[in-house]
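Enquirer: There's a structure below that I have some questions on.
The values are calculated or read from the model by the stated rules, or taken from the named source; none is laboratory data. All values reported here derive from a predicted model rather than from experimental measurement. Cβ: placed from backbone, ideal geometry, glycine included. Neighbour counts: every protein chain shown. To get the accessible areas, we keep the full protein, side chains included, count just its heavy atoms, and leave off ligands, DNA and RNA. Shrake-Rupley method; radii C 1.70, N 1.55, O 1.52, S 1.80 Å.
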There are 2 protein chains.
Amino acid sequence: MTTSKAERSGGGSPITPRGADFPRWYQDVVSHAEMAENGPVRGTMVIRPWGYGIWELLQSALDERIKATGASNAYFPMLIPEAYLRREAEHVEGFSPELAVVTHGGGRDLDEPLVIRPTSETIINSFFSKWVQSHRDLPLLINQWANVVRWELRPRLFLRTTEFLWQEGHTVHASEEDAQGFALHVLEHVYRETMESVAAIPVLTGQKTDKERFAGAVRTWTCEGMMGDAKALQLGTSHELGQNFARAFDIRFSNEEGELAYGWQTSWGVSTRLIGGLIMVHGDDFGLRLPPLLAPVQVVVMMVRDDAGVRSAAETLAEDLRREGWRVRLDDRTDLGFGRRSVDWEIKGVPIRLEVGPRDLSEGRATLVQRHRRSKEPVPLPGVVEAVRRALGSVAEELRAEALSFREAHSTDVDTLAEAVEVGQTGFARVPWKLVGPEGEEELARQGLTVRCLHGRDGSLSVDASAPLVAEVGRTY
Amino acid sequence: MTTSKAERSGGGSPITPRGADFPRWYQDVVSHAEMAENGPVRGTMVIRPWGYGIWELLQSALDERIKATGASNAYFPMLIPEAYLRREAEHVEGFSPELAVVTHGGGRDLDEPLVIRPTSETIINSFFSKWVQSHRDLPLLINQWANVVRWELRPRLFLRTTEFLWQEGHTVHASEEDAQGFALHVLEHVYRETMESVAAIPVLTGQKTDKERFAGAVRTWTCEGMMGDAKALQLGTSHELGQNFARAFDIRFSNEEGELAYGWQTSWGVSTRLIGGLIMVHGDDFGLRLPPLLAPVQVVVMMVRDDAGVRSAAETLAEDLRREGWRVRLDDRTDLGFGRRSVDWEIKGVPIRLEVGPRDLSEGRATLVQRHRRSKEPVPLPGVVEAVRRALGSVAEELRAEALSFREAHSTDVDTLAEAVEVGQTGFARVPWKLVGPEGEEELARQGLTVRCLHGRDGSLSVDASAPLVAEVGRTY
């Protein structure tokens, strides 16, 4: 880890207060925590080691759960013949304006332009049509970790970038029920579980309205989080594709009766955008706050000064903590000011700092600082491992509880569209969907609002769009 | 796993004998082991779950060793302004003919064409120039896992594809010695170690001649393997970049004396091509043979027939084996012929098959089949875990020894260029480099031969090109 020049040259907090200017605060955190910066091509992003370290932990949490569904990872080409995209009418209409097109390769103009995948339904389904022959081949469950490109006119680091990293799952099932069950299983057991138990972000789940549905899907399910400015962020989606792509790409199988039938499909994805959500849900005026499962460094042992006693005690502590399986960093950069280094780790959101200095040591203790509460407590040296275990154990739960109570404080049940328009400006308005409908949705759009998702009054998922659903209305990223 | 149609429909071995037609044999293994197939755009490749599972294991072995060097992962944009490539003259000359160019994005023609990274020196070094300010920032050690595109006119799955997956490391050091030491450390402790201990592929290491050097490097170090047809395959390279890119991208730091100095750099990469090497080194007439550390399934427990006794015994065995931490698959597809399924797992190279059938069971045993030797032995049920442990424990060592003795049998010390030309047609010729030189290299090229690497007579690495080095001469992929 290197210290940025601004931090090294001294001065107060380099971060704009969250309440003063939320978008500016966000940029400051991303920059000063050294998570990412803009690439040379508009909308592209360099993910620096701290940001990428978080992504690796998220990937591994998601990947484990994806594999537990029975899906296997694979990799499909990034370059797709333009004609493939045209095979599903709604799909090409949705993605055309965002495409990057390769017209030149290997020193000559290409006969047919190639698009860089904006998502891989078309190319993957062209292979599924070869691989799926019999009901024995189903369900076919494939996941891909990849980069995709969607031209972005108003980019923001992590949230909307021209190139981003994601996973995209693609499946084929023998029946509509199986496909729907799988789409919902991913939503609940891969996405919601990772977001809530790993990222400590409480999410609302529900289906998208027709207006917000994925281009080519029959039904889109979504996880929506409320950010620290009470705006919504779509964190992950799981689509029922019906037989739309199966028909466009001729994915047919012989069923148990020996008849040819089109497959039923799903697709689902989560991207580096989730890191943006993590920042905006948990960050505070002092920077990022990381739940321990997503912290590249969980505990930093800071030498206050470099003398033999301090070094030896700090190294011993670091070793003891590593032995417990935690990700530990020893910060012995005593040529840099202690305050500067503390601010650095605070901005980066490391959950626990252990300060080891001569005065503490002479009293047989270290100082334990919890980032999320900004609390400090002296801990006797023999009790450090236990104190760290206790502290680490409660971070995620407390962050999640805080985010949840913020969301609840900014969510209101309303009975009219007019009220939804008003309340939606400063939080989520929950309004009966029958009072909104497609026309009401247009009205909301004119006011800068969208329907984030539809679900039962108790938050439950419902497939039936004619059931008494409520719409979660709010501003969004 | 699904069974390919050819296999399901019966018939003999679907694989061309290795000795009859090596390239055809290779294609057959890739295809029938369901590792990869051609994408719709010439030269692109779909990596299917079996191939990708091997890649995931390779990635994790490499990544662990890369992180042990102190390097951190990060991610840089795939789209690079064309002008960046022109900054290092030799680099752009080397890569220009292979570039894919994006000229259209977001619905309009771009003002400046963008290239899809063929490698990331240019874009990464443009950021290093911002990040490196002081000797405190050094060494800067970054690695990236990514896809790259190099237009390929004569593609072959895994070996040469227009798009491939790889890792590329990029570092900056304060001195030439540090940079060289790091390049060699990666060569030996990341690459050679992974190739030899994980992939069981013996490699020769040495430096490339000027002719074969990476475009923009001062010196290229390489790991070269001998394939089953006695041709060479370059499996990984580590480059000393000197100050070439530091000058082109203005990467300067204030040294301990407070003076500005250009950084010294390295870059190094290993790609999905290594999977091609794995196939060509270990494969036999019956398909792939996998060392256990790279086997997505290490042990398959095969139910010969579906009855209650067989199922219960097979499930118990599978559970016992999983408890040891091995990757185990239970094959209960008894509606498919047992022979077909065995051939399937054999082609895929699964190291151990455990056959569980009623006759074996009645005698209290199972049959253990070792793929790499094609040996079968009965094992009493209570001894299965130990027998599997013993069998798994010797596979890699035996595969490596076999490959090494093949290489030795196809390597000859010679004393003249003429002899090198002759011997190089059927193996590696080791000839004193002073007898070859740049002119001899041209002569070799006319005979379809290349100098794979230069090293000491005992195989040791030597920086000094005027030392009495020997050239390893052979045909190559």
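Enquirer: Let me spell it out: the conditions are (1) at pLDDT 95 or above; (2) more than 25 Å from B:G263 (Cα to Cα), and B:W131 meets all of them except one. Which number is the exception?
Expert: (2)
Enquirer: Follow-up question, since we're still on this one. Please state which of the following conditions B:V299 fails to meet, knowing it meets all the rest: (1) closer than 30 Å to B:S129 by Cα; (2) in contact with a Leu (Cβ under 8 Å, 6 or more places away or on another chain).
Expert: (1)
Enquirer: Looking only at residues in the range A:359-374 that are more than 13 Å from A:L317 (Cβ to Cβ) and not acidic (D, E), which one is surrounded by the most Cβ atoms within 10 Å (Cβ to Cβ)?
Expert: Out of the qualifying residues, it is A:R371.
Listed here are the residues, each with its yes/no results for (1) modelled with pLDDT of 95 or more; (2) away from chain B (no Cβ under 14 Å); (3) open to solvent by 50 Å² or more (accessible area, probe 1.4 Å); (4) in contact with a Lys or Arg (Cβ under 8 Å, 6 or more places away or on another chain).
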residue: A:L165; (1), (2), (3), (4): yes, no, no, no
residue: A:H173; (1), (2), (3), (4): yes, yes, no, no
residue: A:L187; (1), (2), (3), (4): yes, yes, no, no
residue: A:G228; (1), (2), (3), (4): yes, yes, no, yes
residue: A:L235; (1), (2), (3), (4): yes, yes, no, yes
residue: A:E240; (1), (2), (3), (4): yes, yes, no, yes
residue: A:D250; (1), (2), (3), (4): yes, yes, yes, no
residue: A:A261; (1), (2), (3), (4): yes, yes, no, yes
residue: A:W264; (1), (2), (3), (4): yes, yes, yes, no
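Enquirer: So which residues in the range A:312-328 are open to solvent by 40 Å² or more (accessible area, probe 1.4 Å) and in contact (Cβ under 8 Å) with a residue 60 or more places away in the chain?
Expert: Within the range A:312-328, the first condition is being open to solvent by 40 Å² or more (accessible area, probe 1.4 Å), and the residues that meet it are A:312, A:315-316, A:319-320, A:322-327.
A:D320, A:E324, A:W326 - these are the residues of the range A:312-328 that are open to solvent by 40 Å² or more (accessible area, probe 1.4 Å) and in contact (Cβ under 8 Å) with a residue 60 or more places away in the chain.
Enquirer: Within the range A:293-308, restricting attention to residues that are farther than 14 Å from A:I347 by Cα and not aliphatic (A, V, I, L, M), which residue is least open to solvent (accessible area, probe 1.4 Å)?
Expert: Residue satisfying both the conditions and the ranking: A:D307.
Enquirer: Next question. Using the structure shown, decide if A:G269 is more than 17 Å from A:P202 (Cβ to Cβ) and surrounded by 20 or more Cβ atoms within 10 Å (Cβ to Cβ). Explain how you work it out, then say what you get.
Expert: Details: more than 17 Å from A:P202 (Cβ to Cβ): yes; surrounded by 20 or more Cβ atoms within 10 Å (Cβ to Cβ): yes.
Against the criterion (more than 17 Å from A:P202 (Cβ to Cβ) and surrounded by 20 or more Cβ atoms within 10 Å (Cβ to Cβ)), A:G269 qualifies.
Enquirer: What's the total number of residues in the range A:390-411 that are open to solvent by less than 50 Å² (accessible area, probe 1.4 Å) and not in a helix (DSSP H, G or I)?
Expert: Within the range A:390-411, the subset open to solvent by less than 50 Å² (accessible area, probe 1.4 Å) is A:391-392, A:394-396, A:399, A:403, A:407, A:411.
Still in the running and not in a helix (DSSP H, G or I): A:411.
Looking only at that region, the number is 1.
Enquirer: Oh, and also: Going through the range B:140-155 one residue at a time, which ones are hydrophobic (A, V, I, L, M, F, W, C), more than 9 Å from chain A (Cβ to nearest Cβ) and assigned to a loop (DSSP other than H, G, I, E, B)?
Expert: None - no residue of the range B:140-155 is hydrophobic (A, V, I, L, M, F, W, C), more than 9 Å from chain A (Cβ to nearest Cβ) and assigned to a loop (DSSP other than H, G, I, E, B), so the list stays empty.
Enquirer: Also, I was wondering about something else. For the range A:99-109, which positions are more than 7 Å from every other protein chain (Cβ to nearest Cβ) and in a strand (DSSP E or B)? Full working, then the answer.
Expert: Start the filter on the range A:99-109 by keeping residues that are more than 7 Å from every other protein chain (Cβ to nearest Cβ), which leaves A:99, A:108-109.
Within the range A:99-109, A:R108, A:D109 qualify.
Enquirer: From the list B:R329, B:R341, B:R289, B:R333, exactly one residue is among the basic types (K, R) and out of contact with any strand residue (DSSP E or B) (no Cβ under 9 Å at 6 or more places or on another chain). Which is it?
Expert: Numbers: B:R329 fails: out of contact with any strand residue (DSSP E or B) (no Cβ under 9 Å at 6 or more places or on another chain); B:R341 fails: out of contact with any strand residue (DSSP E or B) (no Cβ under 9 Å at 6 or more places or on another chain); B:R333 fails: out of contact with any strand residue (DSSP E or B) (no Cβ under 9 Å at 6 or more places or on another chain).
Result: B:R289 is the single residue among B:R329, B:R341, B:R289, B:R333 that is among the basic types (K, R) and out of contact with any strand residue (DSSP E or B) (no Cβ under 9 Å at 6 or more places or on another chain).
Enquirer: Please specify each residue of the range B:329-354 satisfying the condition of being open to solvent by 10 Å² or more (accessible area, probe 1.4 Å) and either among the polar types (S, T, N, Q) or not in a strand (DSSP E or B) (or both).
Expert: First, pick out the residues of the range B:329-354 that are open to solvent by 10 Å² or more (accessible area, probe 1.4 Å): B:329-330, B:332-340, B:342-343, B:346, B:353.
Within the range B:329-354, B:D332, B:R333, B:T334, B:D335, B:L336, B:G337, B:F338, B:G339, B:R340, B:S342, B:V343, B:E346 meet the criteria.
Enquirer: When the range B:122-139 is examined, which residues are found to be open to solvent by 10 Å² or more (accessible area, probe 1.4 Å) and either more than 9 Å from chain A (Cβ to nearest Cβ) or without any contact (Cβ under 8 Å) to a residue 12 or more places away in the chain (or both)?
Expert: If the condition is that a residue be open to solvent by 10 Å² or more (accessible area, probe 1.4 Å) and either more than 9 Å from chain A (Cβ to nearest Cβ) or without any contact (Cβ under 8 Å) to a residue 12 or more places away in the chain (or both), then B:S129, B:K130, B:W131, B:H135, B:R136, B:L138, B:P139 are the ones that fit.
Enquirer: Need pairs with beta-carbon distance below 8 Å; first residue without any contact (Cβ under 8 Å) to a residue 40 or more places away in the chain and within 13 Å of chain B (Cβ to nearest Cβ) and within the range A:84-98, second part of a helix (DSSP H, G or I) and open to solvent by 40 Å² or more (accessible area, probe 1.4 Å); sequence gap 6+ or separate chains.
Expert: Sorted first by the residue in the range A:84-98, then by its partner, the pairs are A:L85/A:S96.
Enquirer: Could I ask something else about it? Of (1) within 24 Å of B:N125 (Cα to Cα); (2) touching a residue at least 12 places away in the same chain (Cβ under 8 Å), B:R273 satisfies all except one. Which?
Expert: So B:R273 meets the others, but not (1).
Enquirer: If you scan the range A:68-83, which residues turn out to be within 11 Å of chain B (Cβ to nearest Cβ) and within 23 Å of the chain's Cα centre (by Cα)? Give the derivation first.
Expert: First, pick out the residues of the range A:68-83 that are within 11 Å of chain B (Cβ to nearest Cβ): A:71-83.
Residues satisfying the conditions are A:A71, A:S72, A:N73, A:A74, A:Y75, A:F76, A:M78.
Enquirer: If the requirement is being over 26 Å from the mean Cα position of the chain (by Cα), acidic (D, E) and under 29 Å from A:P49 (Cα atoms), which of these qualifies: A:E346, A:E398, A:E363, A:E315?
Expert: Values: A:E346 fails: over 26 Å from the mean Cα position of the chain (by Cα); A:E398 fails: over 26 Å from the mean Cα position of the chain (by Cα); A:E363 fails: under 29 Å from A:P49 (Cα atoms).
The unique qualifying residue is A:E315.
Enquirer: Please name all residue pairs, on different chains or six or more residues apart, with Cβ atoms under 8 Å, provided the first residue is in the range A:292-311 and is assigned to a strand (DSSP E or B) and the second residue is among the hydroxyl-bearing types (S, T, Y).
Expert: A:M302/A:S342; A:M303/A:T334
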